[in-house]
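The values are calculated or read from the model by the stated rules, or taken from the named source; none is laboratory data. Computed from a predicted model, the values in this text were never measured in an experiment. For neighbour counting, all protein chains shown are included, and Cβ atoms are generated from backbone atoms with ideal geometry for every residue, glycine included.
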Amino acid sequence: MIEARGLGRSFRTGGQTVVAVHGIDLTVAEGELVALLGPNGAGKSTTLRMLTTLLPPTAGTARVAGADVRTAPEWVRTAIGYVGQHHAAGENHRVRDELVTQGRWYGLGPRRSRQRADHLLDLLDLTALATRRPATLSGGQRRRVDIALGLMHQPRLLFLDEPSAGLDPRSRADIWAQILRLRREHGITVVLTTHYLDEADRVAERVVIVDAGRVIADGTPARLKAALGGDQIRITTETPADAGVAASIGARFTTPERVGTDGTAVTLRLVRADRELPRFLRELDHAGVTVTTAASSRPSLDDVFLTLTGRRLRESGDADPVHPATDPVHPAS
Ligand SMILES: Nc1ncnc2c1ncn2[C@@H]1O[C@H](COP(=O)(O)OP(=O)(O)OP(=O)(O)O)[C@@H](O)[C@H]1O
């Protein structure tokens, strides 16, 4: 569905050249749901805008839905839907009229356009809002209208730029449920951008991590996290001597090179830390080691990002616990 090779884009601004995207390779098969994940300014939107023909690339090639974005942009546009970061619907027309007008703009006849609008209103749970004006809708409802507009011409491939940004948790969950339904029931290929790590982890079957205009990892969330070397147990003991004893006991639960000590802190990398932690604590108790704190954790996509870049991707203020990852992950080839 998408075959991009060395796709790049630079901008001339203020007498300087900004390279927004450095030669991205990306293949997306029919029916996939792929999340482009990365910090602000990583190049996600620029990549999407090139793939949707809104912005001509300055390097490389891309075939999207069977056509070249440079030589056949009109063809690509008829085969794809694009929902940008800003609302697509105007303020003054009713939701259903907006959809019908969009259908007409794409060349659908009046009757077909009305049928399609009603189908999408139903599909996106918007029927009750059909006669409302977009300006009166909530953020989540407006986002669903945007998605309906992007689907009026029945594209096989849908691009969504930050579909859940700025929404409250419940509206975010609703949007994701709708996206998954489109995919499940209509086989639509979906490529979206997000910087919500937890959402990408839960929903996307494939995550492409972009940083500074480059793809730095590409795979299922499970595979990317597994490459970090498994779960982690972290305990602290009363004395460094206790930590030494705990480390040697810990080595029996994994391998010695996966055990780390730092003063009174001991960390183990292993499979299913949640299950092993109680047994580890029993053995430490048996050996007379006084444990002051104990926790188990699973790696997150943020840990993957940290390992690859040395930086956290998670927005400040996000309350989920995080821990440092130490083993390398294999970047995309
Ligand atoms: N028209 C432009 N002129 C100059 N620089 C640009 C232009 N568009 C994007 N850039 C720069 O290219 C880089 C990538 O921007 P882009 O919007 O693609 O990032 P992003 O990953 O989508 O970020 P965000 O998550 O904030 O939307 C940034 O450094 C940005 O400032």
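Look at segment 267-285: where a residue is in contact (Cβ under 8 Å) with a residue 12 or more places away in the chain and a partner is part of a helix (DSSP H, G or I) and buried (at least 21 other Cβ atoms within 10 Å of the Cβ), sitting 6+ places away or on another chain with Cβ atoms under 7 Å, you get Leu268/Gly250; Phe280/Gly250; Leu284/Ala246.
Number of residues in segment 97-122 that are of a type in the set (Ser, Thr, Tyr) and at pLDDT 90 or above equals 2. What are the residues in segment 24-61 that are under 30 Å from Asp303 (Cα atoms), of a type in the set (Gly, Ala, Ser) and surrounded by 17 or more Cβ atoms within 10 Å (Cβ to Cβ), if any? Listed by number, the residues that qualify are Ala35, Gly38, Ala42, Gly43, Ser45. Among residues of segment 186-197 that are at negative phi and at pLDDT below 85, those with a beta-carbon under 6 Å from a residue that is more than 12 Å from the ligand (Cβ to nearest atom) and of a type outside the set (D, E, K, R) at least six positions away or on a different chain give the pairs Leu197/Leu301.
Scanning segment 159-194 for residues that are of a type in the set (S, T, N, Q) and under 24 Å from Leu54 (Cα atoms) yields Ser164, Thr189, Thr193, Thr194.
If the requirement is being more than 23 Å from His153 (Cβ to Cβ), basic (Lys, Arg), touching a Pro at 6+ places or on another chain (Cβ under 9 Å) and not in a loop (DSSP other than H, G, I, E, B), which of these qualifies: Arg170, Arg202? Give the steps one after another, and end with the answer.
On the way: Arg170 fails: touching a Pro at 6+ places or on another chain (Cβ under 9 Å).
After ruling out the rest, the residue left standing is Arg202.
For Leu313, the criteria (1) at pLDDT 85 or above; (2) touching a strand residue (DSSP E or B) at 6+ places or on another chain (Cβ under 9 Å) hold in every case but one, which is (1). Answer yes if at least one residue in segment 81-91 is of a type in the set (A, V, I, L, M) and within 16 Å of the ligand (Cβ to nearest atom), and no otherwise. Yes, some residue in segment 81-91 is of a type in the set (A, V, I, L, M) and within 16 Å of the ligand (Cβ to nearest atom). Return yes when Leu160 is under 27 Å from Arg272 (Cα atoms) and under 15 Å from the mean Cα position of the chain (by Cα) and no when it is not. Criteria not met by Leu160.
Residues are listed down the side, and each one gets a yes or a no for (1) of a type in the set (Gly, Ala, Ser); (2) surrounded by 20 or more Cβ atoms within 10 Å (Cβ to Cβ):
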| residue | (1), (2) |
| --- | --- |
| Ala135 | yes, no |
| Val145 | no, yes |
| Leu151 | no, yes |
| Ser164 | yes, yes |
| Asp174 | no, no |
| Arg184 | no, no |
| Leu192 | no, yes |
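In this entry, Ile216 passes the filter for residues that are crowded, with 18+ Cβ neighbours inside 10 Å and assigned to a strand (DSSP E or B).
Taking the condition of being more than 16 Å from the ligand (Cβ to nearest atom) and touching a helix residue (DSSP H, G or I) at 6+ places or on another chain (Cβ under 6 Å), how many residues in segment 159-171 meet it?
Counting residues in segment 159-171 that are more than 16 Å from the ligand (Cβ to nearest atom) and touching a helix residue (DSSP H, G or I) at 6+ places or on another chain (Cβ under 6 Å) gives 1.
For segment 180-195, the condition holds for at least one residue, the condition being that it is out of contact with any Asp or Glu (no Cβ under 7 Å at 6 or more places or on another chain), in a strand (DSSP E or B) and within 16 Å of the ligand (Cβ to nearest atom).
Candidates are the residues of segment 1-59 that are within 10 Å of the ligand (Cβ to nearest atom) and among the basic types (Lys, Arg); the one that is nearest to the chain's Cα centre (by Cα) is Lys44.
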